[in-house]
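Scroll down for the structure; my scribbles are underneath it.
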RNA sequence: UGCCCGGUGGUGUAAUUGGCAACACACUUGACUCUGGAUCAAGGAAGUCUAGGUUCGACUCCUAGCCGGGCAGCCA
């Protein structure tokens, strides 16, 4: 029911209900056309992924279209680097916009012409108030504003002044073009909002062609209209802007898309605002936008997330108008769900403890191991076994706690895909008392798959042969913040100081040699891991994407 | 002390649009297991913000409150 494919059940939400109704009424002649309109001033995060899935998903399910449109109306904040990263991220998620890659800046001339027509209709005027004055005249949330003394300039003067603004005759910030609406409106957005500001900044697409730039409210709705968008889906904070969105379009008498707002995604134990993410990057709390701890799409990708898991997650969280806080556990569940079915199993020891099997001959034996018990089609592989192996330090306890069924003195345990061994001796460092190695004996009759192998032991542990191991670095990640909701001004105080742990002495199954960045595996009993971009043949580096569910950790805790 | 939006288990999202609350995650228990994984089974958990009203019947409609969020960039 919760598995979704093209022919399966579609997610239900209030936006799709509106569209269903529109279709029933034959609104827009049955057309459905959405758009994803990022501002290229930062990297996309998982909240954007929700929006991408919503917009592109609706287009797909209703046989419509979804445009990719960059809302690039503020050249002082926007950069080409971000445009490229956004395209890369959307594509990686699996969505296509064909030739419909648009930019609000493509419409600067059209917007300018629209503005002229509004001036001619007496619906817009050039205002000479300073920024400070504009704020004063705007009034407050509870008090109405005052009309600008420039509000009643005649059309000719407005036309002349606006043309000269565009021609660069005035310094930055000297004048603005404002819509003439209602300074007493209870909705502050309707108090003669600014349409254009004078700003000399080189735009990443239009260069120095313009020295006036449209504001969001003036650019966005008209861009939607120009593109023939039918449903303009945005987040809740634009709800108060809808009357203005509608006003501009009605004054212009152009195609009227319907703006619909939904609640943005909030994920526990992380922050989602671009401003804060940028701060984490700039202040060095993370290594970059693609740090595997970041909730950015590029970060999640480097961490080892699959596009499919993100898509599934987006379906599961739903779409509504109420504020929400999604438990990261749901994200992790979506990931495990996906990786469980497709990740190749492999053995790796993160914190090695040497085990010597005293009665095992000095040879190397090749054992069969299943690549993925969930998918027989993935086949099997050979893994080398020998007299000396590494096991996880955690899998041996000199004094085993209650219900511990791994290795301990006098106890038996199965080595996955190999034999049952019994611990006969513990060797410690004279000085530190630290356990340096453990001696065991094996039972040759218990080889995996053999007739005698039916003997049952409580535990099975993973291992890696000492002389046939790959040395590697493994990076363990934890949540970036130690509190569920790091809101407030002191949000940085709740940064988790232990969000990254680097292990330098890990031993991996030799079959992992040559693994490429982004390749994903399950390290048996540990979790899902992927090859990091920093990895090299000489120095393999793996990221822990997410651990496996760990029932023992729960038992031990309680 | 203005305007806009919202309020269903711990967290999300549903409820044939007025017919007696479901699904997922999380949690608990058990089965199974050569991954303490996966899988399977069972269970606890909201009576739908409150108070009135309409109705045979209200999570759905009405009224009044309460609580939460957003809005006063020449940002988007």
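Quick note: the coordinates plus some simple rules give every number you see, no bench work behind them. Keep in mind it's a predicted model, so treat the numbers as computed, not measured. Note that we place each Cβ from the backbone using ideal geometry, even for glycine, and neighbour counts take in every protein chain shown.
Key figures for this structure:
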{"quantity": "Filtered residue count, the range A:236-263, keeping only those that are more than 13 Å from RNA strand B (Cβ to nearest atom), surrounded by 19 or more Cβ atoms within 10 Å (Cβ to Cβ) and either under 27 Å from the mean Cα position of the chain (by Cα) or farther than 19 Å from residue A:31 by Cβ (or both)", "calculated": "2"}
{"quantity": "Odd one out for residue A:486 among (1) part of a strand (DSSP E or B); (2) in contact with a helix residue (DSSP H, G or I) (Cβ under 7 Å, 6 or more places away or on another chain)", "calculated": "(1)"}
{"quantity": "Matching residues in the range A:388-439 - criterion: being away from RNA strand B (no atom under 13 Å from the Cβ), within 16 Å of residue A:458 (Cβ to Cβ) and in contact (Cβ under 8 Å) with a residue 24 or more places away in the chain", "calculated": "A:423"}
{"quantity": "Number of the condition not met by residue A:21 [criteria: (1) in a helix (DSSP H, G or I); (2) within 14 Å of RNA strand B (Cβ to nearest atom); (3) surrounded by 17 or more Cβ atoms within 10 Å (Cβ to Cβ)]", "calculated": "(3)"}
{"quantity": "Residue A:445 vs. criteria touching a helix residue (DSSP H, G or I) at 6+ places or on another chain (Cβ under 9 Å), surrounded by fewer than 14 Cβ atoms within 10 Å (Cβ to Cβ) and either touching a residue at least 40 places away in the same chain (Cβ under 8 Å) or over 21 Å from residue A:284 (Cβ atoms) (or both)", "calculated": "yes"}
{"quantity": "The range A:357-373, residues that are loosely packed, with under 15 Cβ neighbours inside 10 Å and over 19 Å from residue A:342 (Cα atoms)", "calculated": "A:358, A:359, A:361, A:362, A:363, A:364, A:366, A:368"}
{"quantity": "Residues within the range A:134-158 that are out of contact with any strand residue (DSSP E or B) (no Cβ under 7 Å at 6 or more places or on another chain), assigned to a helix (DSSP H, G or I) and away from RNA strand B (no atom under 12 Å from the Cβ), tallied", "calculated": "3"}
{"quantity": "Residue A:481 being in contact with a strand residue (DSSP E or B) (Cβ under 7 Å, 6 or more places away or on another chain) and closer than 21 Å to residue A:383 by Cβ", "calculated": "no"}
{"quantity": "Members of the range A:101-146 that are touching a residue at least 60 places away in the same chain (Cβ under 8 Å) and closer than 30 Å to residue A:309 by Cβ", "calculated": "A:102"}
{"quantity": "Test result for residue A:549, within 16 Å of RNA strand B (Cβ to nearest atom), touching a residue at least 12 places away in the same chain (Cβ under 8 Å), part of a loop (DSSP other than H, G, I, E, B) and touching a strand residue (DSSP E or B) at 6+ places or on another chain (Cβ under 9 Å)", "calculated": "no"}
{"quantity": "Condition met for residue A:495 (away from RNA strand B (no atom under 11 Å from the Cβ), under 22 Å from the mean Cα position of the chain (by Cα) and under 27 Å from residue A:92 (Cα atoms))", "calculated": "no"}
{"quantity": "Any hit, the range A:482-489, residues being surrounded by fewer than 16 Cβ atoms within 10 Å (Cβ to Cβ), away from RNA strand B (no atom under 16 Å from the Cβ) and on the phi < 0 side of the Ramachandran plot", "calculated": "yes"}
{"quantity": "Qualifying strands (runs of 3 or more DSSP E) (wholly inside the range A:270-381; at least 1 residues being within 9 Å of RNA strand B (Cβ to nearest atom))", "calculated": "A:344-346, A:365-370"}
{"quantity": "Of all residues in the range A:91-109 being within 16 Å of RNA strand B (Cβ to nearest atom) and assigned to a helix (DSSP H, G or I), the one that is farthest from residue A:301 (Cα to Cα)", "calculated": "A:108"}
{"quantity": "Check on residue A:80, under 23 Å from the mean Cα position of the chain (by Cα) and in contact (Cβ under 8 Å) with a residue 24 or more places away in the chain", "calculated": "yes"}
{"quantity": "Residues located in the range A:506-543, provided they are touching a residue at least 60 places away in the same chain (Cβ under 8 Å), more than 14 Å from RNA strand B (Cβ to nearest atom) and assigned to a strand (DSSP E or B)", "calculated": "A:506, A:507, A:508, A:530, A:541, A:542, A:543"}
{"quantity": "Odd one out for residue A:161, checked against (1) more than 8 Å from RNA strand B (Cβ to nearest atom); (2) in contact with a strand residue (DSSP E or B) (Cβ under 7 Å, 6 or more places away or on another chain); (3) not in a helix (DSSP H, G or I)", "calculated": "(3)"}
{"quantity": "Members of the range A:412-436 that are in a strand (DSSP E or B), surrounded by fewer than 17 Cβ atoms within 10 Å (Cβ to Cβ) and under 45 Å from the mean Cα position of the chain (by Cα)", "calculated": "A:435, A:436"}
{"quantity": "Qualifying position, being surrounded by fewer than 18 Cβ atoms within 10 Å (Cβ to Cβ) and either in contact with a helix residue (DSSP H, G or I) (Cβ under 8 Å, 6 or more places away or on another chain) or over 30 Å from residue A:60 (Cα atoms) (or both), among A:351, A:322, A:345, A:301", "calculated": "A:351"}
